[in-house]
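Notes for the one structure printed next.
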Amino acid sequence: MQPANERFSDLFMPKLVTVLREGYDRRRFLADVIAGLTVAIVALPLAMGIAIASGVEPERGLTTAIVAGFLISALGGSRFQIGGPTAAFIVVVYRVVERQGYDGLALATFLAGLMLIAIGLLRLGTYIKYIPHPVTIGFTAGIGITIFVSQLADLLGLKTEKLPGEFVAKVEALARALPTLDPATIAISVLTFATILGLRRWKPKLPGLLFAVIAAAAAVALFHLDVATIGSKFGGIPRTPPSPALAMPTWDKLVAVLPDAMTIALLAGIESLLSAVIADGMTGRRHRSNCELVAQGVANVVSPIFGGIPATGAIARTATNIRSGSAGPVSGILHAVFLAAFVVVAAPLASWIPLASLAVILAIVAWNMSEVHALSHLLRHAGWGERLVLVATLGLTVFVDLTVAIQVGVVLAAIQFMHNMAEAVEVESHGAAHLDVAHLLERDVPDAPGMRPAYESAVFDDVVVYRIHGPFFFGAADRLARTLGRIGDRPRFLVLDFAEVPLVDTTGATALKSVIDQASRRGTSVILSSMSRPVRRALVGFGVKRPEVHVSTAPSIEVAIDRARRGALLKDDVEAERTHA
């Protein structure tokens, strides 16, 4: 056992402290300055665009990127994680704001932060990463589709009322608004898209997103285009964040937003740990998952107090941070500082930014989120079970709700896993009744001591041996019962070899007890051999022990067969004595 302080250090010590203890010099600081500035430039348009698409003011996205980004980097368990608002939350936040208003969203985010802190402190972060891959691909692709559709109004300049949250109703509203297409808005969208693609091809090191937004804003100002901008829709961006405030909720409000809080917590946990894992793969480092969740929780507790929205680890910005030469969490802290400086200095200029240019950025993000290559690969090459999980999760995300999609996807994936595991369990027979034990020993235990003289003895005709491969859980219990039920005659001894069984659950143990009881009533003795210590403890705990059941054990298959041989000889002697008497 490690001392308590060491365990705490291993699990919850922020990576910032680790990096500073390793020695932080001027060279590393300069590298972090460059990386932080680069990420801030990328995050600036994204934070505003995500907030607008989520149905709130653009400054709420900037506040989230500054406040939550600072806390996640300062307290997190990943060296390179960049936190802030992400596109994955757009669908969730939009629906919460539509139903509960911003006050409801702030309360849900606050509660989600408390949940994340509890999950981290209870050391449950390890289990979040077990979300199956088809579920992750399904709900991210579904979110991507929903985001793209929600950006069509700003991309095409459609004159619509506030779009509904439901996907079908949203598509219907957009279809009705098609006659209001605006050529100027479409031109700005094309300009933004062309600028991003052109810079990616010819100058990939330049911050294409920011340059595209600047070019679009310059075109609007230069040609006096009548298109929707941040200034025309929101009145600009304030230079200072709102004062800390969080309204005291009523009990009814708490109950109403609790499901949304759970969704935000689950999504924030999944995406933050996924981002941290990707960062580990790019750098060869290892993150502290529970520490990261605590940091995410603190960030989501504080963000709504300053008027922010939900935050999590941002995969694209984290990757940008690493590629820009980050030396550790200081770059993430500096990214938040630079963002705050941009807001103070350039807030008035943001009024010229056209909504179409931000919509193009989010449309590109939605395409990247959809992971079309991974989606098509799974649909082509995965088994029918994984395809069902993928399609169900994607469809429910788009047409129903993200929470329902994840729940149903995980349940379907669990059922598929159990089916696969049950199919993988093999009950291998080394002969039917009247087994040729000499052949078995020659093949499996050629050097078993004391066994050779008995090869030609007929007493082995009444021994049956079965070897079980795989976990003996409820999904495989019926398979053993059916296999053993096919034994035609009644052998004197039934040997079950557990050498290849890693675990047993209560349903498997119950099935085993039933097999032993049936064998006992038929006059067959059962010997369990080669059980590992965990399997033995589990079976004893589930009641497979004397005197509850008539069973004996052996440390190996050799010993089990030897005991069966001696028992068969003893039974023959007893029967012979009765015959002579």
Exercise. Would you mind stating whether Pro249 is farther than 25 Å from Gln407 by Cβ, surrounded by 15 or more Cβ atoms within 10 Å (Cβ to Cβ) and at pLDDT below 90?
Key: yes
Quiz item: Would a scan of the range 195-218 turn up a residue that is in contact with a Gly (Cβ under 6 Å, 6 or more places away or on another chain), of a type in the set (Val, Ile, Thr), modelled with pLDDT of 90 or more and not assigned by TED's automatic domain parsing to the domain that holds His373?
Solution: yes
Practice problem: State the number of residues belonging to the range 296-311 that are among the small types (Gly, Ala, Ser), in a helix (DSSP H, G or I) and over 18 Å from the mean Cα position of the chain (by Cα). | Solution: 2
Exercise. Might you check whether a residue that is closer than 20 Å to Ile90 by Cα, in a helix (DSSP H, G or I) and under 25 Å from the mean Cα position of the chain (by Cα) occurs anywhere in the range 117-128?
Key: no
Practice problem: Give the residue that is nearest to Arg239 (Cα to Cα), with candidates limited to residues of the range 286-325 that are buried (at least 22 other Cβ atoms within 10 Å of the Cβ) and basic (Lys, Arg). | Solution: Arg317
Quiz item: How many residues, within the range 12-27, are farther than 22 Å from Ala314 by Cα and either among the aromatic types (Phe, Trp, Tyr) or buried (at least 19 other Cβ atoms within 10 Å of the Cβ) (or both)?
Solution: 1
Quiz item: Quick check: anything in the range 162-180 part of a helix (DSSP H, G or I), of a type in the set (Lys, Arg) and either free of Cβ contacts under 8 Å to residues at least 40 places away in the same chain or not assigned by TED's automatic domain parsing to the domain that holds Glu292 (or both)?
Solution: yes
Quiz prompt | Residue among Leu379, Leu375, Leu402 that is buried (at least 17 other Cβ atoms within 10 Å of the Cβ), over 13 Å from Pro132 (Cβ atoms), at pLDDT 85 or above and in the same structural domain as Ala87 (by TED's automatic domain parsing) | solution = Leu375
Practice problem: Kindly list the number of the only condition in (1) in a loop (DSSP other than H, G, I, E, B); (2) of a type in the set (Gly, Ala, Ser); (3) within 28 Å of Thr140 (Cβ to Cβ) that fails for Ala245. | Solution: (3)
Exercise. Name, by its number, the condition in (1) at pLDDT 90 or above; (2) in contact with a Phe, Trp or Tyr (Cβ under 6 Å, 6 or more places away or on another chain); (3) farther than 30 Å from Val220 by Cβ that does not hold for Val255.
Key: (2)
Quiz item: Given the structure, is Val459 outside the structural domain of Ile270 (by TED's automatic domain parsing), crowded, with 18+ Cβ neighbours inside 10 Å, aliphatic (A, V, I, L, M) and modelled with pLDDT under 75?
Solution: yes
Quiz item: Among the residues of the range 174-189, is there at least one that is of a type outside the set (Gly, Ala, Ser), under 25 Å from Ala405 (Cα atoms) and modelled with pLDDT of 85 or more?
Solution: yes
Quiz item: Yes or no: Thr240 surrounded by 15 or more Cβ atoms within 10 Å (Cβ to Cβ) and either part of a helix (DSSP H, G or I) or not assigned by TED's automatic domain parsing to the domain that holds Ala347 (or both)?
Solution: no
Quiz prompt | Lone unmet requirement of (1) assigned by TED's automatic domain parsing to the domain that holds Ile128; (2) of a type outside the set (S, T, N, Q); (3) in contact (Cβ under 8 Å) with a residue 12 or more places away in the chain for Arg286 | solution = (3)
Quiz item: So, of the residues in the range 31-67 that are of a type in the set (S, T, N, Q) and farther than 14 Å from Ala359 by Cα, which turns out to be surrounded by the fewest Cβ atoms within 10 Å (Cβ to Cβ)?
Solution: Thr38
Quiz item: Just one of Val515, Val540, Val544, Val526 is within 30 Å of His419 (Cβ to Cβ) and either modelled with pLDDT under 80 or part of a loop (DSSP other than H, G, I, E, B) (or both); which is it?
Solution: Val544
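The values are calculated or read from the model by the stated rules, or taken from the named source; none is laboratory data. Remember, it's a predicted structure, so these values are computed and weren't measured experimentally. Counting neighbours? That spans all protein chains shown, and the Cβs are built from the backbone with ideal geometry, glycine included.
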